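The values are calculated or read from the model by the stated rules, or taken from the named source; none is laboratory data. The shown structure was predicted, so the numbers you read here are calculated from the model rather than taken from an experiment. Please note: Cβ atoms are built from the backbone with ideal geometry, for glycine as well, and neighbour counts cover all protein chains shown.
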Amino acid sequence: MSYVEVTVIVNDESVKPKLKTMHGLSLLIEAYGRVILFDLGPSSEALQYNADLLGVDLSLVDALVISHLHSDHVGGAPYLGWIAPSTKSYLPYATGCSFTQYIRRNGLNPVEVLDWIQVYPGVHISKSIHGPPWEQSLVIETPSGNILFTGCCHPGLETLVSEVERKIGKVRAVIGGLHLSRAPTNVVERAAVYLLSKRIVSIPLHCSGRELLEYLNKVNPSLIIKAGAGSQIAL
Ligand SMILES: [Zn+2]
Ligand SMILES: [Zn+2]
């Protein structure tokens, strides 16, 4: 039985040929009867085009979570504001006036997250950690452990996992950008060894690079899920 369903709308690589591939990330998450959009990708065009092609109805989104303020994660705000006006939009710590205004100007309802909050039963947003920039994660509980959603992992994978385990409990899977695409091999291997030692399932997307995926696939394929734009993943 799955508790969390994820559709990858925008990503650097795709599993379906007709989708736009762009440097950026946007995930649609359904859990506990709620629909959450995690990041917006780099542009409204990419978000709208891929959502339409995938048959994803973004007007049903209950909440938006922005991991951090890099342009490849926030560009789709105009389209979300148009199709799902007044959506509560959870922004990381230290967002500042101009970005908050940008969210508001696009018809969305900004909420700055200052510390861990539970937005729905079983659904949490972490406190922001400085990478730079300040970055927050989404965490969804399941009976067999927590699912950790990362935008780019600027503060570092181990830091984010440790913070979730300190506050909420065991991480079972991590999905999103892991910031390893140009990392030296020893850094990738350290991340892989860490994930293997904790038996965390990885679904690397966006800025994760191929090296981690190939390493984990060789050592323990049961701990890796290959995904791209168009993937639907049940966790
Ligand atoms: Zn990014
Ligand atoms: Zn980033």
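Conditions (1) part of a loop (DSSP other than H, G, I, E, B); (2) modelled with pLDDT of 95 or more; (3) surrounded by 19 or more Cβ atoms within 10 Å (Cβ to Cβ), marked per residue:
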{"site": "E30", "(1), (2), (3)": "no, yes, no"}
{"site": "L37", "(1), (2), (3)": "no, yes, yes"}
{"site": "G41", "(1), (2), (3)": "yes, yes, yes"}
{"site": "E45", "(1), (2), (3)": "no, yes, no"}
{"site": "Q48", "(1), (2), (3)": "no, yes, yes"}
{"site": "D52", "(1), (2), (3)": "no, yes, no"}
{"site": "L64", "(1), (2), (3)": "no, yes, yes"}
{"site": "H68", "(1), (2), (3)": "yes, yes, yes"}
{"site": "D72", "(1), (2), (3)": "no, yes, yes"}
Counted residues in the stretch 159-199 being among the acidic types (D, E) and either outside any helix (DSSP H, G or I) or within 28 Å of I9 (Cβ to Cβ) (or both) come to 1
Of the residues in the stretch 144-162, how many are under 16 Å from the mean Cα position of the chain (by Cα) and closer than 27 Å to M1 by Cα?
-> 8
With the checklist (1) in contact (Cβ under 8 Å) with a residue 40 or more places away in the chain; (2) more than 16 Å from ligand 1 (Cβ to nearest atom); (3) not polar (S, T, N, Q) in hand, flag the one item H154 doesn't pass.
-> (2)
Right, L180: more than 20 Å from E112 (Cα to Cα) and crowded, with 17+ Cβ neighbours inside 10 Å or not?
-> yes
Given (1) more than 16 Å from ligand 2 (Cβ to nearest atom); (2) within 19 Å of Q48 (Cα to Cα); (3) within 17 Å of the chain's Cα centre (by Cα), S71 misses just (1)
Counting only residues in the stretch 74-90 that are closer than 12 Å to L40 by Cα and aliphatic (A, V, I, L, M), the one nearest to the chain's Cα centre (by Cα) is identified as V74
Which one of these does Y79 not meet: (1) closer than 12 Å to L27 by Cβ; (2) among the aromatic types (F, W, Y); (3) surrounded by fewer than 23 Cβ atoms within 10 Å (Cβ to Cβ)?
-> (1)
Is it true that S59 is part of a helix (DSSP H, G or I), free of Cβ contacts under 8 Å to residues at least 60 places away in the same chain and more than 16 Å from ligand 2 (Cβ to nearest atom)?
-> yes
With (1) away from ligand 2 (no atom under 16 Å from the Cβ); (2) in contact (Cβ under 8 Å) with a residue 40 or more places away in the chain; (3) touching a strand residue (DSSP E or B) at 6+ places or on another chain (Cβ under 7 Å); (4) among the charged types (D, E, K, R) as the list, and E135 as the residue in question, which single condition is left unmet?
-> (1)
